Amino acid sequence: MDVETLRELARRLALEAGALVREQSPERVVVAATKSSEVDPVTAMDRASEELLRARIAAERPDDAILGEEGDDVPGTSGLTWVLDPIDGTVNYLYGVASFAVSVAVVAGPPDPARWTALAGCVHSVVDGRTWTAASGGGAERDGRPVRAGSPASLATSLVGTGFGYSPARRAGQARVLTQVLPRVRDIRRLGAAAIDLCLVGEGALDLYYERGLNPWDLAAGALVATEAGAVVTGLRGAPAGTAMTVAGPAPVQGDLVRLLEDAGADTVEETFTD
Ligand code: LIP
């Protein structure tokens, strides 16, 4: 199956799951369970969205593997893995803040951002319908129109997206890093959904984005959109993007932010935080 066919399948799956979330969410969304901390929620619609995605992939791509945020890994024999975030930005969804998305990507190789080759992906913003897609070597689009990353003149004039983890110790460290970043950039935006943040870098609506602690499903599709739109997406100290750190943006300012984050120790921040 060629990458453009995979792009269209990812788009179709993301739009169907997005319609499910839009049309079947309760008036008042409640927490079904929590995960890494009491502020890391999962809702019934997270689970329903992922169940739909898994059922469609099992039917249409039965030999492919699945790595999803809310369910068990499914092994495959095709060498391809579907990487699913059924609702990226779950806290926004829980509170009714409009920035959350369904993220669907398909990768070749091991289900590890450091070692996979992303082939195609889709990020579908559930509330307003914006739909970003990308295919390896085929470019990135929003709603069928090509997108390109911006070209900020400098780090000091760059609008930078970021996010924070769910543990007080991690957040204390991230706050310390933020004191190093904020004075050196135009401004910060914390929009709450990594997949959308990465797509906004791809269309120049954010100049840069960085976050420590992303899961593979948070970044799989959005990183491909940003990359295919001409941005660079890496970790720190020569590492690929991944859980330790993800930094996205156009060269050369992406490199300037990488160096700033390296100097701030942003890939190892953990603080002892006591109330
Ligand atoms: C979220 C990310 C966000 C990050 C949150 C959380 P989820 O993903 O998209 O950027 O800051 O901590 O990881 O949990 O809503 O799928």
State all residues of region 65-95 that are within 14 Å of the ligand (Cβ to nearest atom), over 14 Å from the mean Cα position of the chain (by Cα) and assigned to a loop (DSSP other than H, G, I, E, B); if no residue qualifies, say none.
E70, G71
Could you tell me which of the residues E27, E50, E60 is among the acidic types (D, E), surrounded by 19 or more Cβ atoms within 10 Å (Cβ to Cβ) and not assigned by TED's automatic domain parsing to the domain that holds A220?
E50
Being over 17 Å from V126 (Cα atoms), surrounded by 15 or more Cβ atoms within 10 Å (Cβ to Cβ) and of a type outside the set (D, E) is the filter here; which residues of region 63-96 pass it?
A65, I66, L67, G68, G71, V74, G76, L80, T81, W82, V83
Do any residues in region 156-175 that are under 21 Å from V233 (Cβ atoms) have Cβ atoms under 7 Å from those of residues that are modelled with pLDDT under 95 and of a type in the set (V, I, T), where the two are at least six apart or on different chains, and which pairs are they?
Q174/V269
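Among A98, A118, A48, A58, which is in a loop (DSSP other than H, G, I, E, B) and more than 11 Å from the ligand (Cβ to nearest atom)?
Within the list A98, A118, A48, A58, the selection yields A98.
Based on this model, can you work out whether T179 counts as outside the structural domain of A114 (by TED's automatic domain parsing) and either within 21 Å of D112 (Cβ to Cβ) or in contact (Cβ under 8 Å) with a residue 40 or more places away in the chain (or both)?
Details: outside the structural domain of A114 (by TED's automatic domain parsing): yes; either within 21 Å of D112 (Cβ to Cβ) or in contact (Cβ under 8 Å) with a residue 40 or more places away in the chain (or both): no.
For T179, the condition - outside the structural domain of A114 (by TED's automatic domain parsing) and either within 21 Å of D112 (Cβ to Cβ) or in contact (Cβ under 8 Å) with a residue 40 or more places away in the chain (or both) - is not met.
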Do we find a residue being under 20 Å from A118 (Cα atoms), within 8 Å of the ligand (Cβ to nearest atom) and either among the hydroxyl-bearing types (S, T, Y) or not in a loop (DSSP other than H, G, I, E, B) (or both) anywhere in region 198-209?
no
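Out of the residues in region 140-173 meeting the condition of being closer than 22 Å to C199 by Cβ and part of a helix (DSSP H, G or I), tell me which one is nearest to the ligand (Cβ to nearest atom). Show your work before the answer.
Of the residues in region 140-173, the ones closer than 22 Å to C199 by Cβ are 140-152, 155, 157-165.
Imposing the further condition that a residue be part of a helix (DSSP H, G or I) reduces the set to 155, 157.
Details: L155: 21, T157: 24 Å.
Restricting to residues being closer than 22 Å to C199 by Cβ and part of a helix (DSSP H, G or I), the top hit is L155.
The values are calculated or read from the model by the stated rules, or taken from the named source; none is laboratory data. Since this is a predicted model, take the numbers as computed values, not measurements. Cβ coordinates were reconstructed from backbone atoms using ideal geometry, including for glycine residues, and neighbour counts include every protein chain displayed.
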